[in-house]
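Below you'll find the structure, written out as structure tokens, and then a few comments.
The values are calculated or read from the model by the stated rules, or taken from the named source; none is laboratory data. None of the values given here were measured: they were computed from a predicted structure. Cβ placement follows ideal geometry from the backbone for every residue including glycine, while neighbour counts extend to all protein chains displayed.
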Amino acid sequence: MRLVELQVAGFRAFGQKQSFDLDADVVIINGVNGQGKTSFFDALLWGLSGLVPRISIDTDAVLSKFSDTGQSEVTIRFQDSRGAKFLVRRSFDGQQQRVRFESGQDASRDSDAEAKLQNLLWPGAKTNTDPKRAVAEALTRTVYLQQDVLREFLTRDDDKSRFSCIADLIGVAQVSDLREQLDRARTAWSTITNQRAAELEQRENKLASLRNDLQRTEGSQLQVVDVANWNAWWSNASKWISDMLPPSPGQANDTALLDRAIRTLQSQASNLLRQRDLIYSLKVEMDRHAAKLTRADVGELRTNLARLQQQMQKLRERVTMERANEAALQRRRAESAQLREKIALFASLALQLLADRCPVCSQTYDIEATKARLETLSKTPSEANTPDAELSTMDLDIQLQNAVEAAGTAEARLRELELGNQQDERWLATLRSQLAQLGIEVGEDLTQTLAESSSRLQRDISVIEQLIKDGERLSLLLLRLADQSKVKELRAQIASIEQENAATKSDLEVRRGTWELATNVLEALRKSEDDVVQLQLEEINPLLQRIYSRIDPNPVFRTVSLVSTFLKGRGHLNPQVMDSATNARSNSPEQVLSSSQVNALALSLFVALNFGLPKLPLNALLMDDPLQSLDEISLLGVADLLRRAKPARQLLISTHDERFVGLLQRKLRPTQSDERVLTITLSGWSRRGPDVEISVAKPDLQPMRIAV
Amino acid sequence: MNGEILSETQLLAAAGELLKQGGYREVSSERLESLKSDKARVYEDQYAVVCLVVFPSWTELRSRWTNVQADFVELLSKYLLRADAKTWDGYLVLLTPAAALEQWQEAQEIRRDTTRVRKLVGTGEDLRSLGDVATLVSSLLPIGTAEAVTDKTETIWSLVYQSLEKKGVHRDTIQSLVKSYEEQRNIMEALKDSLNT
């Protein structure tokens, strides 16, 4: 990449627009201090990167106080080795930076332009968190020499920063970025791997649990629900669960419906049991009533009562009659008694008079029998029949009294029966009502009705109880059927998890293999960063040595190198100067070299990096007053160095030293017709900017004078 | 080289060869006149004229270099005008295989003497290999031919590939990794894929 033109306006020392032809192999910018030499280089740096790191970023620092437009604008034209032309125009209005980038016919602006420009100049910048700064630093480390920056690199930066800087420049930053990305990705990968391993472990535990479940479930005897039995049960049960539609065994809610049916049956059974108990109690009550009541026929009682009353009447009549008879009898008894007394008296007299012959008739007789008879007669009282008569009346009275009592009793019994019958009728009415409420049709024979009802209820209860038991068995079968489904489900689950686990194990194996590979690659990348830096340093160091030798500023410490080490995953880099004769060396050049010699070393390093790096943002060397503090021999060395760099690099060199201008013009003179060497003289600076004078050197077309 | 001190012949041949490789032409010995010596050569390119002289000892170098310089200036003045820029681009390269450790200050004085022509001085302790000779004359040579040994077509990744391959990481794996990185895809997936392949 070669610079072709620079236009500046309102930028630092350039208040008004100024154009610089840079289409040359060498551009020498000459001017005493304060004429805008550094602003010239800053304009190039700012235009290409958007930054001037040594001054503030995006502030009024780049904006000229004397800008006509109130903004800074820098336009840079450049082209590559194949002739492709590019333009970058960057402006800053004090608030915002704008950029336009043209590549051939393609034009872009702002962020797009910035990205394309960065990609063209320093592709490694895209991996940097601050691409602008990466481009600016790449420019200031390798293309645009700012001695103070390089002096800082050599004398102030720590060894890790130096390594990082060099690693960035040689492109190892991309490797570092890759390594860091890989490290982060590996960590994230590991996290996910661990999560998956944990998930696998959980699934393995679940698998073990499922296998246990399966073993247990498979262990139970599996029976299939017989559909005929199932349907028969529902058919039998339908009498009591008529509101339910029988489900099919195995359907989703079969268990619930069966449970509901069984609960209904249990409820029905409870109802029937209550009915049965009620009937039992009614029957007991009825039996109790039946036991209490003779259920004698009231009519018979009435007949009996009438008969008793009639008998009582007869007895009364008979008593009356008997009493009359008794009075007559008494009379007869008195008469008889008198008779018998007379007979006795008479017998006594007869006894006394008793002889062999009847005194009256003189007839013979059985004296003894007569005597006995007379004695009996004399001894038998007359009233011997009276007690009987009294007894007879009394007996009748008793009989009458008994009859009265019996009639009273019969009458009371009749009344009791009649009352009992009335009560029975009422109870029966209540009973009938209760039975009717129970839906029992009461027949003629209540006892039989109750017995039949009780029997029927008992049968129903038995049927329901059997249905419940059968239902429970069906429920169990359903449970087993569910178990069977569960077995299938478990097997499917186990198969699925086994498959998933196998896939996960395989995945984990691959992931762990990938992690191990990443770890190996990471380790190798860490080493390779150092290797690559070492490799590049192996090339840069001889270059650095030879460039340093061209200037050869120190008579003793004539050997220089960049020494890198890789410790604890981090690279360290130190500049080393050495006296090869005594092997004395120092990693702090400022301790053994003068300020001028450190400048020479810085310049050597700059050129070495410019020539030693695989890629540069620009194929150029931009040096802003590189001769500060250099002694004469070093100055000649630098001039020779630049001359030998000229074929490979576009040179833009500024100096405030007129003598050095002459030296450069002579040393860098064009020796071919197509070679251009320009001298830009900046002078007479005012608020508008410096006066600019450009001269073109004439080429020496016959450079070979002796070896012809 | 075997670490021995280079001979005068070797020094002369090596330095001359380097100059010619750097685009110098050797001036015909017929033109050297007073510089004619077995151990002196003169070379010229577009910018400079270089007189290369090898002395057998430091003592001889110290005693003769001014004479050699005079002869060289005379040669320049014969072919160049005073106004020619090239008149100021004469280089006298003074070499000796002999060590001059004790005389380094004297050697330094010769180096720092910028009158008439610039002097490059190399003594035995600094000239132990062809590389040392190249370093000494490097300021006379284009940077691109003498020092810039880096193969610019070799990307940093190819260096990384080489380094990683040496550490046992397969090239396909590295390429896949780098490709994935550059395309901003998941680099672990790239490694995983490379495992599968």
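Those residues that are surrounded by fewer than 18 Cβ atoms within 10 Å (Cβ to Cβ) and either without any contact (Cβ under 8 Å) to a residue 60 or more places away in the chain or hydrophobic (A, V, I, L, M, F, W, C) (or both), I need them from region A:447-462; list them, please.
At the first step, the residues of region A:447-462 found to be surrounded by fewer than 18 Cβ atoms within 10 Å (Cβ to Cβ) are A:447-448, A:451-452, A:455-456, A:458-459, A:462.
Residues satisfying the conditions are A:448, A:451, A:452, A:455, A:456, A:459, A:462.
I'd like the residue in region A:552-565 that is more than 8 Å from chain B (Cβ to nearest Cβ) and touching a Gly at 6+ places or on another chain (Cβ under 9 Å) and, out of all such residues, is farthest from residue A:165 (Cα to Cα).
Here is the first cut: in region A:552-565, the residues more than 8 Å from chain B (Cβ to nearest Cβ) are A:553-554, A:557, A:559-565.
Filter once more, so that each one left must be touching a Gly at 6+ places or on another chain (Cβ under 9 Å): A:553, A:564-565.
Numbers: A:553: 25, A:564: 12, A:565: 14 Å.
Going through the qualifying residues, I end up with A:553.
Which residue out of B:43, B:47 is facing chain A (nearest Cβ under 8 Å), at pLDDT 90 or above and in a loop (DSSP other than H, G, I, E, B)? Working first, answer last.
Numbers: B:43 fails: in a loop (DSSP other than H, G, I, E, B).
Result of the check over B:43, B:47: B:47.
Can you give me the number of residues within region A:420-441 that are more than 12 Å from residue A:282 (Cα to Cα), charged (D, E, K, R) and outside any loop (DSSP other than H, G, I, E, B)?
Total meeting the criteria: 3.
When you scan region B:111-197 for helices (runs of 4 or more DSSP H) that lie fully inside it, which ones turn up with 3 or more residues that are modelled with pLDDT of 80 or more? Steps first, answer last, please.
Values: elements: B:130-137, B:143-146, B:156-166, B:171-182, B:187-196.
Helices (runs of 4 or more DSSP H) meeting the threshold: B:130-137, B:156-166, B:171-182, B:187-196.
List pairs: first in region A:420-445 and in contact (Cβ under 8 Å) with a residue 24 or more places away in the chain, second hydroxyl-bearing (Ser, Thr, Tyr) and in a helix (DSSP H, G or I), Cβ under 8 Å, 6+ apart or cross-chain?
Hits for this filter: A:435/A:449; A:435/A:453; A:438/A:453; A:440/A:449; A:440/A:453.
Just to be sure I understand, how many residues within region A:566-583 are more than 13 Å from chain B (Cβ to nearest Cβ), part of a strand (DSSP E or B) and free of Cβ contacts under 8 Å to residues at least 40 places away in the same chain? If you could, list the steps in order and put the result at the bottom.
Keep residues of region A:566-583 that are more than 13 Å from chain B (Cβ to nearest Cβ), which gives A:567-577.
Remaining after also requiring part of a strand (DSSP E or B): A:567, A:570-577.
Filter again for free of Cβ contacts under 8 Å to residues at least 40 places away in the same chain, leaving A:567, A:576-577.
Here the count works out to 3.
Go through region A:62-79 and give me each residue that's over 22 Å from residue A:623 (Cβ atoms) and either assigned to a loop (DSSP other than H, G, I, E, B) or among the small types (Gly, Ala, Ser) (or both).
First pass over region A:62-79, keeping only residues over 22 Å from residue A:623 (Cβ atoms): A:63-73, A:75.
Scanning region A:62-79 gives A:64, A:65, A:66, A:67, A:68, A:69, A:70, A:71, A:72.
Take the conditions more than 30 Å from residue A:634 (Cα to Cα), within 14 Å of chain B (Cβ to nearest Cβ), of a type outside the set (Val, Ile, Thr) and in a helix (DSSP H, G or I) and apply them to residue A:491. Does it pass? Can you show your working first?
Values: more than 30 Å from residue A:634 (Cα to Cα): yes; within 14 Å of chain B (Cβ to nearest Cβ): no; of a type outside the set (Val, Ile, Thr): yes; in a helix (DSSP H, G or I): yes.
For residue A:491, the condition - more than 30 Å from residue A:634 (Cα to Cα), within 14 Å of chain B (Cβ to nearest Cβ), of a type outside the set (Val, Ile, Thr) and in a helix (DSSP H, G or I) - is not met.
Which of (1) within 11 Å of chain B (Cβ to nearest Cβ); (2) modelled with pLDDT of 85 or more does residue A:661 not meet, given it meets every other one?
Only one criterion in (1) within 11 Å of chain B (Cβ to nearest Cβ); (2) modelled with pLDDT of 85 or more is unmet by residue A:661, namely (1).
So residue A:169 fits all but one of (1) buried (at least 22 other Cβ atoms within 10 Å of the Cβ); (2) touching a strand residue (DSSP E or B) at 6+ places or on another chain (Cβ under 9 Å); what number is the exception?
So residue A:169 meets the others, but not (2).
With the condition kept exactly as written, say whether any residue in region B:95-104 is aromatic (Phe, Trp, Tyr) and over 11 Å from residue B:58 (Cβ atoms). Show your work before the answer.
Initial filter on region B:95-104 (aromatic (Phe, Trp, Tyr)): B:104.
If we keep only those that are over 11 Å from residue B:58 (Cβ atoms) too, we end up with none.
No, region B:95-104 has no match at all.
Is it true that residue A:267 is exposed (fewer than 13 other Cβ atoms within 10 Å of the Cβ), among the small types (Gly, Ala, Ser) and farther than 24 Å from residue A:481 by Cα? Before you say what the answer is, go through the steps one by one.
Working: exposed (fewer than 13 other Cβ atoms within 10 Å of the Cβ): no; among the small types (Gly, Ala, Ser): yes; farther than 24 Å from residue A:481 by Cα: yes.
Criteria not met by residue A:267.
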